[in-house]
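Okay, so here's the structure we're looking at.
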Amino acid sequence: MSTTSPSLAAQAIAAFARGGVHLDESAVLDIHLAEIADKAACSLLRDQWKNDFPVAAYTELLSAVAALRDVLGFAPSQTAVEVFDWVRRQREESARALTSPYQPYPVSFLDGPYRGVEMLLEGPSVGQHAGPPYFTPLPIVWGDTERLGHTSVRYKRGDDPSPEGVWPYRLRTDDPSPPEGSRPYLSGLAAREEQ
């Protein structure tokens, strides 16, 4: 249950209104802040490889949103450190079942809640199955923090990498579509749940 202070939530809603974003209640503020954190995290994972990418700006944005959510009494959102920890755990998970020599492969998610995310996944480095995993499940959430739903979606690897060597992934079409409003679950909350 949220412990949001009505006066603090009203102040945050008023600050967003000054910027042209009109939110009518604290539950909508909660969702809006969660979406900001998710977009910043996905942008961080998409653009981190670019030479002119402002990593510090997204790092600070994620920390500021996490701090604001904490002050308002909402569930935690991810910081950049937690996003990179999440990526490391995904990479370790992709390597866990491998018995042959393996290496990291750059992958990009082309649709669904993870659209635009780029990261490295481990896969066999030799043989006919060389490349990142054929399938990878990724966690998603939807709703506000008081009515949070969560599950995972499964992505399927494309047959060949792009000319730049990036392997494309798309949502599996034989699985049910993710719920409306689904977003990636990159939260530090996930790391705390594992402990």
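A few comments on the model shown:
- Residues whose amide H falls under 5 Å from that of Glu122, counting only those 5 or more places apart or on a different chain, are Ser94, Ala95, Tyr105, with hydrogens built in the peptide plane.
- Region 109-182: relative contact order in percent, alpha carbon pairs under 8 Å with at least 6 residues between: 29 percent
- Calculated FRET efficiency for the pair Phe135/Glu35, C-beta based, R₀ 25 Å, to 0.05: 0.40
- The chain: DSSP helices with Cα axial extent of at least 15 Å and average Kyte-Doolittle hydropathy no lower than 0.0: 6-18, 26-47, 55-72
- Ranked by how many other beta carbons lie within 10 Å on average, peptides 147-156, 81-90 from highest: 81-90, 147-156
- In the set (i) 34, 17, 15; (ii) 46, 19, 14; (iii) 56, 17, 12, the label that goes with semi-axes √(5λ) of the Cα gyration tensor in Å computed for this structure is (i).
- Sorting the segments 178-186, 44-52, 96-104 by their mean number of nearby beta carbons within 10 angstrom, highest to lowest, gives 178-186, 44-52, 96-104.
- Percent RCO, i.e. relative contact order, over region 44-195, from Cα pairs under 8 Å lying at least 6 residues apart: 23 percent
- Per the Debye formula on identical point scatterers at the alpha carbon atoms of region 47-158, with no solvent, log10 I(q)/I(0) at q = 0.12, 0.17, 0.21, 0.22 Å⁻¹ is -0.54, -0.99, -1.27, -1.32.
The numbers here are math on the coordinates, done by the rules we state, and not lab data. A quick note: this is a predicted structure, and the numbers were derived from the prediction, not measured. Counting neighbours? That spans all protein chains shown, and the Cβs are built from the backbone with ideal geometry, glycine included.
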